[in-house]
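Everything on this sheet refers to the single structure shown next.
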Amino acid sequence: MAGALLSRISDEFKLNSGISSELSRNLIYESETRSTRYTGRGLTTRAWDGALQYWEGNRATLMIAVEVGISQSYDSLREAISWSVCALGCRLGLAMSVHEESRGTPAMRYYASLEERNAVLQEAEDGFYQQLIQHPYGPLEWEGETWFGRISRVVLETYRCQDEYCPPETLLAPSQSLTVVQDGGYVGHDISPNIREVMLGDCIPSHLLSGQDVQATPLNFFRREWFEGQFQGLMVETAALLVQEKTVVAQPIA
């Protein structure tokens, strides 16, 4: 989901009429990357789930970092995104906390041929998509087992460093906390397309933009249909991969 969020923001940035093609080319999405900095606890290495970086020649500036936690403790998720903002100098941090109810523990399933196994995998995936009509946030079940648990809560938070000299180990409080999903249903109807905060100036260093009006242009990346399409697709993909791991072709006995 980190990649989906950042790709969406990047696309909206590049579609803005006030941005030249040269500036657009220099905003690059990076997947999980490790970085090391000195903190009050010594040399510390951490990774972000995804980030937008702006490149000028051979130098990159971290602009937006994203952390996504699946049933992860709130404190550890907050610590991870605070690191990106405070230690790495990221302009904006986005943290998405996803709470999934428990899945089952399916046993291995054995099939006589590859063709039979592939047919079963397709049947399971088709069934998962069909279930989304009645249960858009799970659970996803097949053959009496839960392959993806019901989503009880999704919260999207934004983080900024109000003091440019804040210590690297500072634990930030979110500037916004927006509940998107609650008890298996979408509740983010009042969330604005730019979540009331994400601006064009969050994607590019200030010295490359002229005028406060340009920097404050909203990036309208968040819409319900986009979020649900991406999120549900990832739910099915995760469940289908688990089915794939648990289904094998039985080897004939010599």
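The values are calculated or read from the model by the stated rules, or taken from the named source; none is laboratory data. These numbers come from a predicted model, not from an experiment. No Cβ is skipped: glycine too gets one built from the backbone with ideal geometry, and neighbour counts run over all protein chains shown.
Some observations on this one:
- Some residue of the range 230-251 being hydrophobic (A, V, I, L, M, F, W, C), under 25 Å from Asp75 (Cβ atoms) and in a helix (DSSP H, G or I): yes
- For the range 4-23, the set of residues classified as small (Gly, Ala, Ser), surrounded by fewer than 16 Cβ atoms within 10 Å (Cβ to Cβ) and under 20 Å from Val66 (Cβ atoms) consists of Ser7 only.
- Residue ID - nearest to Thr238 (Cα to Cα), chosen from residues in the range 1-23 that are touching a residue at least 12 places away in the same chain (Cβ under 8 Å) and among the acidic types (Asp, Glu): Asp11
Okay, residues lined up against (1) at negative phi; (2) among the hydrophobic types (A, V, I, L, M, F, W, C); (3) more than 19 Å from the chain's Cα centre (by Cα):
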residue	(1), (2), (3)
Ala87	yes, yes, yes
Val98	yes, yes, no
Ala107	yes, yes, yes
Tyr111	yes, no, yes
Arg117	yes, no, yes
Leu132	yes, yes, yes
Gly138	no, no, no
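- Test: residue in the range 132-141 that is part of a strand (DSSP E or B) and surrounded by 13 or more Cβ atoms within 10 Å (Cβ to Cβ): yes
- Qualifying residue in the range 23-46 (condition: modelled with pLDDT of 80 or more, hydroxyl-bearing (Ser, Thr, Tyr), out of contact with any Leu (no Cβ under 7 Å at 6 or more places or on another chain) and farther than 15 Å from Cys90 by Cα): yes
- Residue count, the range 45-83 (criterion: touching a Lys or Arg at 6+ places or on another chain (Cβ under 9 Å), of a type in the set (Ser, Thr, Tyr) and either without any contact (Cβ under 8 Å) to a residue 60 or more places away in the chain or under 17 Å from Leu178 (Cα atoms) (or both)): 1
- Selection over the range 192-235 of residues that are farther than 26 Å from Glu22 by Cα and modelled with pLDDT under 90 gives a count of 0.
- Test: residue in the range 181-194 that is buried (at least 16 other Cβ atoms within 10 Å of the Cβ), within 25 Å of Ala80 (Cα to Cα) and in contact (Cβ under 8 Å) with a residue 40 or more places away in the chain: yes
- All told, Ser97 meets the bar of being of a type in the set (Ser, Thr, Tyr), at pLDDT 90 or above and under 22 Å from Ser152 (Cα atoms).
- Qualifying position, being within 18 Å of Ala240 (Cβ to Cβ) and within 21 Å of the chain's Cα centre (by Cα), among Arg160, Arg150, Arg196: Arg150
- Tallying residues that are aromatic (Phe, Trp, Tyr) and not in a loop (DSSP other than H, G, I, E, B) within the range 159-198 yields 2.
- Screening the range 55-94 for residues that are touching a Gly at 6+ places or on another chain (Cβ under 7 Å) and outside any helix (DSSP H, G or I) and picking the one that is surrounded by the fewest Cβ atoms within 10 Å (Cβ to Cβ) gives Leu62.
- Tally, over the range 157-187, of residues that are closer than 23 Å to Phe231 by Cβ and either in contact with a helix residue (DSSP H, G or I) (Cβ under 7 Å, 6 or more places away or on another chain) or aliphatic (A, V, I, L, M) (or both): 6
- Within the range 148-169, residues that are under 16 Å from Arg78 (Cβ atoms) sit with their Cβ atoms under 6 Å from residues that are assigned to a loop (DSSP other than H, G, I, E, B), at 6+ positions apart or across chains, in these pairs: Glu157/Pro174; Thr158/Ser175; Thr158/Glu197; Tyr159/Leu172; Tyr159/Pro174; Arg160/Ser175; Glu169/Gly40.
- Test: residue in the range 196-216 that is surrounded by 13 or more Cβ atoms within 10 Å (Cβ to Cβ) and in contact with an Asp or Glu (Cβ under 7 Å, 6 or more places away or on another chain): no
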